[in-house]
Each structure stands twice: as C-alpha cells, then as structure tokens.
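So the structure is just underneath, and the comments pick up after that.
The values are calculated or read from the model by the stated rules, or taken from the named source; none is laboratory data. This one's a predicted model, so the numbers in the text were calculated from it and none came from an experiment. Positions of Cβ are generated from backbone atoms using ideal geometry, with glycine treated the same way; all protein chains shown enter the neighbour counts. The accessibility values were calculated without ligands, DNA or RNA, using every heavy atom of the protein model including side chains. Shrake-Rupley method; radii C 1.70, N 1.55, O 1.52, S 1.80 Å.
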Amino acid sequence: MAKALMEYFIFKKGPFCNSPIKANAFINTDATYVRPDIQFHFALLHLGDNYSADLYNFKTLPHSNGFTILAVLLHPESRGYITLRTNNVYDLPVMQSCFLESGNDKTALLKGLRKAMEVADAKAFRAYSPDGLNHPLRNASDDALTDHINKSLETLFHPVGTCKMGSNALAVVNDRLQVHGVKNLRVIDASIMPTIISGNTNAASIMIGEKGADFIKEG
C-alpha cells in the first residue's frame, strides 16, 4: 500500500488513481424488507487490527497488504440535528449526527458485519488470505462485535433530509423546492430528500439539481 501511495504522489499512476472502493453489493438483513438495508464496500486496503490507524493520516496506515469489506447502514433510524452556534452568520453551525441512538441501527449493523465476515471468509478470497481474516475475531460475541463497531464506525458522507420536501410541520420545501413561508428562495440539493435513498446520493442529487433548474426557468 505504501508503494502504491508513493507511485500516486510522485508519478500520478497506480491503483490510487482510482477509487479504493472496487465493488459494491446490497443485501437485506431481514427477508421481510422491501429494499436493501445494508451496502457492502469492497476496498483494496485495510486499517490494521488495533484501531490505531487514521484513514486521513497516511503516516498511521499499516504497511502490510490487505482488503476490507465495509458494512454500510443504508436507512438509519437515528436522527441528528443542525443548529446555530452563535448569532454570528459567519460562525459554523453545530452538527451532531447522533449515530447509533436507535437500537435497530445497532442490530442491523451487527447483522451486516457478520455477513461481511462470512463473505470475507469465502473460498473465492482464499488465494488472497490463505489463513483467513481475523479482524474482528470470527468467534467474537455480539458484545465484542458491537465494541468493534463503536471503535471503527464513521460516516459515509451522504447525509440528507435537513430541508426535507413535504407539507407537514417538519417539511422545509414544497414539491417545487420552494421554502415554505419565504418568497423567492429554493433549496436544491440532497437535503430536500424526505428519506435517504438505498445507495450513494450522487445520481439522485444531480437529478434534483436538474429538476430544480427546470423549476427556476419555469418561474
């Protein structure tokens, strides 16, 4: 991994010229669900087995080869908030994600983690991990795996819904993306989604932008 990083920074070539996420999969952790609740990201890198690595600090990354399957919770029930920090418009707002406040989120992530461990142990991967993978430990209890989740959890950077579209008391914009009670103001981004989609928000955000542009041209 260190060699690949040097190749990228010096020559702008190699595996880091592309996304580290090489494959995706969507699963249901409950057969009764009508849409996936977990997404897998397969990455050609790893962060070691002692929680000391920082993904955003290359100096802390392990020097050994490896791969990772990340279990992504697609429809969290936990809700965060954004509020003003001060009455100064130039001060950054306070953002609190409130991850894992819902017990159902913890249960779904635990199921997703166990399935990811099962996939990582599959025969197809044995050529790359002949001794199998051991982080987290395969015989770990639910409590130990929950501790692993708490130590390694991070956002996937796809927050939505802070200016949701609708007509109830919690809605900020109408179906033409106009802010309720404010003239000549629209919100046109992922924040207008009433609920998060099953997957990355990029394509949906492009669609919202194009539709919002149409609304503006229509007057």
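Given the conditions (1) in a loop (DSSP other than H, G, I, E, B); (2) surrounded by 18 or more Cβ atoms within 10 Å (Cβ to Cβ), report the number of the one that Leu109 does not fulfil.
Every listed condition holds for Leu109 apart from (1).
Output the number of residues of region 34-60 satisfying the condition of being out of contact with any helix residue (DSSP H, G or I) (no Cβ under 8 Å at 6 or more places or on another chain) and farther than 18 Å from Pro159 by Cα.
First pass over region 34-60, keeping only residues out of contact with any helix residue (DSSP H, G or I) (no Cβ under 8 Å at 6 or more places or on another chain): 34-36, 39, 41-43, 45-46, 48-50, 55-57, 59-60.
With the extra rule that they be farther than 18 Å from Pro159 by Cα, the set shrinks to 34-35, 42-43, 45-46, 48-50, 55-57, 59-60.
The qualifying residues number 14.
Conditions (1) under 26 Å from Ala127 (Cα atoms); (2) not in a strand (DSSP E or B), marked per residue:
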residue: Phe9; (1), (2): no, yes
residue: Phe26; (1), (2): yes, no
residue: Asp30; (1), (2): no, yes
residue: Pro36; (1), (2): no, yes
residue: His41; (1), (2): yes, no
residue: Leu47; (1), (2): yes, yes
residue: Asn50; (1), (2): yes, yes
residue: Leu70; (1), (2): yes, no
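Only one residue in Ile208, Ile149 is touching a Leu at 6+ places or on another chain (Cβ under 6 Å), surrounded by 13 or more Cβ atoms within 10 Å (Cβ to Cβ) and in a helix (DSSP H, G or I), so which one is that? Spell out how you get there, then give the answer.
Working: Ile208 fails: touching a Leu at 6+ places or on another chain (Cβ under 6 Å).
It is Ile149.
Can you name the residue in region 112-124 that is among the charged types (D, E, K, R) and part of a helix (DSSP H, G or I) and is also most open to solvent (accessible area, probe 1.4 Å) among such residues? Even if it seems obvious, please write down each step before you answer.
From region 112-124, those among the charged types (D, E, K, R) are 114-115, 118, 121, 123; that's our starting set.
From the residues that got through so far, the ones that are part of a helix (DSSP H, G or I) too are 114-115, 118, 123.
Values: Arg114: 90, Lys115: 80, Glu118: 111, Lys123: 181 Å².
Step by step, filter region 112-124, then rank; the result is Lys123.
Of the residues that sit in region 50-63 and are open to solvent by 40 Å² or more (accessible area, probe 1.4 Å) and either among the acidic types (Asp, Glu) or touching a residue at least 60 places away in the same chain (Cβ under 8 Å) (or both), which one is nearest to Glu118 (Cα to Cα)?
Applying the first criterion (open to solvent by 40 Å² or more (accessible area, probe 1.4 Å)) to region 50-63 yields 50-52, 54-60, 63.
Imposing the further condition that a residue be either among the acidic types (Asp, Glu) or touching a residue at least 60 places away in the same chain (Cβ under 8 Å) (or both) reduces the set to 51, 54-55, 63.
Numbers: Tyr51: 21, Asp54: 25, Leu55: 24, His63: 25 Å.
Among residues in region 50-63 that are open to solvent by 40 Å² or more (accessible area, probe 1.4 Å) and either among the acidic types (Asp, Glu) or touching a residue at least 60 places away in the same chain (Cβ under 8 Å) (or both), the one nearest to Glu118 (Cα to Cα) is Tyr51.
Give me a count of the residues in region 170-194 that are surrounded by fewer than 18 Cβ atoms within 10 Å (Cβ to Cβ) and under 15 Å from the mean Cα position of the chain (by Cα).
Residues in region 170-194 being surrounded by fewer than 18 Cβ atoms within 10 Å (Cβ to Cβ) and under 15 Å from the mean Cα position of the chain (by Cα): 0 in total.
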